[in-house]
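To start, I am sharing the structure in question, which I have written as structure tokens.
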């Protein structure tokens, strides 16, 4: 087991990602944030909380997207569906998708398919905490990255929010 981000590093990384989003999207007039269920929602909540702490009067639409039935491996494994909560239109909006770990790219492909059910976004950007950059199966790259790591297929990256840290097994 190797620690990728300690508690303090994780806090700084979330803070940096929040500031990058503020820099590129403030005042968030035409921008929405969508966390991917289940683990991306935890990161997205922390980022949105950080942005709102710095700009309390800001109205930032935030939703949660479950991609369970859009996955191309749904028939191979048993998946438990989560809740989708998007109470706003994404039509002609800048959508920031947030997930914890970018691995093969298949989750993000499924998320883009699922987004089409909610309208046609003007632009979709991807924000991830960890980018496992050499394991991609699809040509998907993040716009905002907390940390890029090199790992092998047998390794697993875990974001532990209970004792905040990111570890590589």
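The values are calculated or read from the model by the stated rules, or taken from the named source; none is laboratory data. Everything quoted here is computed from the prediction, not taken from an experiment. Don't worry about glycine lacking a Cβ; one is built from the backbone with ideal geometry, like all the others, and counts go over all protein chains shown.
Given the options 93, 123, name the one that is surrounded by 12 or more Cβ atoms within 10 Å (Cβ to Cβ), under 20 Å from residue 145 (Cβ atoms) and more than 15 Å from the chain's Cα centre (by Cα).
Values: 93 fails: under 20 Å from residue 145 (Cβ atoms).
Only one candidate qualifies: 123.
Any residue that is part of a loop (DSSP other than H, G, I, E, B), touching a strand residue (DSSP E or B) at 6+ places or on another chain (Cβ under 7 Å) and farther than 29 Å from residue 62 by Cα - is there at least one of those in segment 136-145?
no
Would you point out which residue out of 85, 158 is under 30 Å from residue 27 (Cα atoms), free of Cβ contacts under 8 Å to residues at least 24 places away in the same chain and surrounded by fewer than 19 Cβ atoms within 10 Å (Cβ to Cβ)? Walk me through how you get there before you give the answer.
Values: 158 fails: under 30 Å from residue 27 (Cα atoms).
None of the others qualify; the one that does is 85.
In segment 118-129, which residue that is out of contact with any helix residue (DSSP H, G or I) (no Cβ under 9 Å at 6 or more places or on another chain) and not in a loop (DSSP other than H, G, I, E, B) is modelled with the lowest pLDDT?
As a first pass, look at segment 118-129 and keep what is out of contact with any helix residue (DSSP H, G or I) (no Cβ under 9 Å at 6 or more places or on another chain): 118-120, 122-123.
Those still in the list that are not in a loop (DSSP other than H, G, I, E, B) too: 118, 123.
On the way: 118: 94, 123: 97.
Filtering first and then ranking leaves 118.
Exactly one condition in (1) on the phi < 0 side of the Ramachandran plot; (2) more than 13 Å from the chain's Cα centre (by Cα) is not met by residue 67; state its number.
Failing condition for residue 67: (2).
Also: Based on this model, can you work out whether residue 92 counts as in contact (Cβ under 8 Å) with a residue 40 or more places away in the chain and on the phi > 0 side of the Ramachandran plot?
Details: in contact (Cβ under 8 Å) with a residue 40 or more places away in the chain: yes; on the phi > 0 side of the Ramachandran plot: yes.
Yes, satisfied.
Return the residue satisfying two criteria in turn: it lies in segment 55-82 and is outside any loop (DSSP other than H, G, I, E, B) and at pLDDT below 95, and of such residues it is surrounded by the fewest Cβ atoms within 10 Å (Cβ to Cβ).
Applying the first criterion (outside any loop (DSSP other than H, G, I, E, B)) to segment 55-82 yields 62-65, 68-70.
Right, trim to at pLDDT below 95 and you get 68-70.
On the way: 68: 15, 69: 11, 70: 19.
It comes out as 69.
Is there a residue being over 15 Å from residue 128 (Cα atoms), at pLDDT 95 or above and buried (at least 20 other Cβ atoms within 10 Å of the Cβ) anywhere in segment 9-19?
Checking segment 9-19: not a single residue is over 15 Å from residue 128 (Cα atoms), at pLDDT 95 or above and buried (at least 20 other Cβ atoms within 10 Å of the Cβ).
Another question, then. Would you check if there is a residue in segment 96-112 being surrounded by fewer than 20 Cβ atoms within 10 Å (Cβ to Cβ), without any contact (Cβ under 8 Å) to a residue 40 or more places away in the chain, touching a strand residue (DSSP E or B) at 6+ places or on another chain (Cβ under 7 Å) and assigned to a loop (DSSP other than H, G, I, E, B)?
Within segment 96-112 (the criterion being surrounded by fewer than 20 Cβ atoms within 10 Å (Cβ to Cβ), without any contact (Cβ under 8 Å) to a residue 40 or more places away in the chain, touching a strand residue (DSSP E or B) at 6+ places or on another chain (Cβ under 7 Å) and assigned to a loop (DSSP other than H, G, I, E, B)), the answer is no, since none of the residues qualifies.
Can you name every residue in segment 26-38 that is under 16 Å from the mean Cα position of the chain (by Cα) and buried (at least 18 other Cβ atoms within 10 Å of the Cβ)?
Of segment 26-38, the ones under 16 Å from the mean Cα position of the chain (by Cα) are 31-38.
Scanning segment 26-38 gives 31, 32, 33, 34, 35, 36, 37.
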